[in-house]
Amino acid sequence: MINEIKSLAKTAKRLESSRTTRSQWNKAVQDHADGFLDDFNTKTTYQVSDSMGEGLYELPITEEGTPIQEVLASLRENVDRPGLNPASGGHFGYIPGGGVFTTALGDYLAAATNRYAGIFFGCPGGVRMENMLLRWMCNMVDYPATALGNLTSGGSIANMAAITTARDYRGIKAKDIERCVFYMTPQVHHCVQKSIRIIGMSESIIRYIPMDEKFRMRTDILSQKIKADKEAGLTPFMVVASAGTTDTGAIDPLRKIGEIAQAENLWFHIDAAYGGFFMLSPKLKPAFEGVELSDSLTIDPHKGLFLSYGIGALLIKNKEALFHTHHYTANYMQDAVSLDEEPSPADLSPELTKHFRGLRMWISLQLHGVAPFRAALEEKILLCRYFYEKVQLLGFEVGPAPQLSIATFRFPMGEKSNSYNLDLIEQVKLDGRIFLSSTKIKDQVWIRFAVLSFRTHLEQVDLALELLENLTNKRQG
Ligand SMILES: *Cc1c(COP(=O)(O)O)cnc(C)c1O
């Protein structure tokens, strides 16, 4: 047996890379990343490709491993290139992605050290770091010092944790579900309905509250619906407001909704996954007036803080409610006693073993400071307003004036407007330098112009305008 152990160890020890191998691999990976980043200006935002990355299958997983140059070459060809480049400044579709480089440094260190920041006793400093970031965000939304939350993989999971917490806090059991009523606008992000289904509340009632001309919730109708539902013996339970809808960037009237929720005893959740970080700017904060009345709030550092994908956050005013839903004890966890010095993320989340995602946010804020993030956010708002004015001069019709950094527009072509505008997006995609996506509002196709990449500046917006001008002129003439 000893011989077998030793022989296995010989192969197993290859997992411990030597200092020399580590520096070779580090250098190769760094060169690869630098090549990607240096090329940004020449790169397309959307690359059409015939193979769609199929070449990846030509490099199968083997017993003995493959040299790093081959591995990175396959990555470059099959993964880095085809499709959408979300970190490009020409990305105006969906909600543009981040990719601030310091995220990579944080992830590198988190992975290299593999510290476990899920339980206080395991990595007290890591837990303090994550809780410090949560308190920093709680402070931004004017929650009390006792509020906390959890760093999640994204906004969808944060919304799900919020809805689950609200359900448990209100003591809702299976037999009550049919009578529970949720309130939201039709513009709510689809992950909210998805969460409601996943957590077993698909038999609850969802009341879609009509919106005003700027796609904001009509609070007079919200009040009426809640009253009518109460009279009908139902259980109005939760209102989900959006602070920056994904489609148009609309902010629901938070103060009014908060007052109604308080008076009617509803859990008030705000989905600010996209819009939340605009609150970093004192100029933009007034648009979120009343945010502090909410019970919970979702915000995505991988959107408004421009970090790379993989970090969202749920903020919650009453952390005991979050704890009540998510903490568990198990025999094999008996040594991991909570010291209560700092609540442990594992007690506030469905996750146990987790990515130490706080490090990427902490190191980014530490190295850059807040000023460039705030400036970038204010810049995005102005770029969107600039586009909104200029695009009208090109003959486009526009939706409501942007409340944040999303505008909607379409080229008016009468009966043919829908197909014309869908085709226009296709032409833009084929050109590749910029990327736009569309939405449907009342059966009309609208093109969205969403500005949220830290790499988007005046040049990219002018390029988008120029391209739209050329494409529509060509069609006219
Ligand atoms: C993006 C978004 C979500 C979903 O967040 P993910 O991080 O993509 O899971 C939820 N709500 C709104 C308003 C969003 O913009």
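At a glance:
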| item | result |
| --- | --- |
| Enumeration of residues in region 119-148 that are out of contact with any strand residue (DSSP E or B) (no Cβ under 9 Å at 6 or more places or on another chain), under 26 Å from TYR274 (Cα atoms) and assigned to a loop (DSSP other than H, G, I, E, B) | ASP142, PRO144, ALA145, THR146 |
| Filtered residues of region 291-306 (kept if within 11 Å of the ligand (Cβ to nearest atom), in contact with a helix residue (DSSP H, G or I) (Cβ under 7 Å, 6 or more places away or on another chain) and either open to solvent by 10 Å² or more (accessible area, probe 1.4 Å) or part of a loop (DSSP other than H, G, I, E, B) (or both)) | ASP300 |
| Answer residue from region 386-411, given it is in a strand (DSSP E or B) and in contact with a helix residue (DSSP H, G or I) (Cβ under 8 Å, 6 or more places away or on another chain) and is surrounded by the fewest Cβ atoms within 10 Å (Cβ to Cβ) among those | VAL398 |
| Total residues in region 307-317, condition away from the ligand (no atom under 15 Å from the Cβ) and surrounded by fewer than 19 Cβ atoms within 10 Å (Cβ to Cβ) | 0 |
| Region 414-441, residues that are assigned to a loop (DSSP other than H, G, I, E, B) and at pLDDT 95 or above | LEU436 |
| Of all residues in region 47-73 being among the hydrophobic types (A, V, I, L, M, F, W, C) and either on the phi > 0 side of the Ramachandran plot or open to solvent by 80 Å² or more (accessible area, probe 1.4 Å) (or both), the one that is modelled with the highest pLDDT | ILE61 |
| In region 215-243, residue nearest to ARG179 (Cα to Cα) [restricted to those that are out of contact with any strand residue (DSSP E or B) (no Cβ under 6 Å at 6 or more places or on another chain) and small (Gly, Ala, Ser)] | GLY233 |
| Region 442-463, residues that are within 26 Å of GLY414 (Cβ to Cβ), part of a loop (DSSP other than H, G, I, E, B) and touching a residue at least 60 places away in the same chain (Cβ under 8 Å) | none |
| Condition check for GLY99: in a loop (DSSP other than H, G, I, E, B), within 16 Å of the ligand (Cβ to nearest atom) and either in contact with a helix residue (DSSP H, G or I) (Cβ under 7 Å, 6 or more places away or on another chain) or over 30 Å from ILE221 (Cα atoms) (or both) | yes |
| Within region 144-160, considering residues that are more than 14 Å from the ligand (Cβ to nearest atom) and either open to solvent by less than 10 Å² (accessible area, probe 1.4 Å) or modelled with pLDDT of 95 or more (or both), the one nearest to the chain's Cα centre (by Cα) | GLY149 |
| Verdict on PHE323 being open to solvent by 10 Å² or more (accessible area, probe 1.4 Å) and more than 14 Å from the ligand (Cβ to nearest atom) | yes |
| Single condition PHE121 does not satisfy, out of (1) open to solvent by 60 Å² or more (accessible area, probe 1.4 Å); (2) at pLDDT 95 or above; (3) among the aromatic types (Phe, Trp, Tyr) | (2) |
| Tally of residues being in contact (Cβ under 8 Å) with a residue 12 or more places away in the chain, within 28 Å of the chain's Cα centre (by Cα) and in a loop (DSSP other than H, G, I, E, B) across region 34-78 | 7 |
| Qualifying positions in region 130-139 - surrounded by 19 or more Cβ atoms within 10 Å (Cβ to Cβ) and more than 16 Å from the ligand (Cβ to nearest atom) | GLU130, ASN131, LEU133, LEU134, CYS138 |
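The values are calculated or read from the model by the stated rules, or taken from the named source; none is laboratory data. Just so it is clear, the model here is predicted, and its values are computed rather than measured. Glycine also receives a Cβ, built like all others from the backbone with ideal geometry; neighbour counts cover every protein chain displayed. In case anyone asks, the SASA skips ligands and DNA or RNA and just uses the protein heavy atoms, side chains included. Shrake-Rupley method; radii C 1.70, N 1.55, O 1.52, S 1.80 Å.
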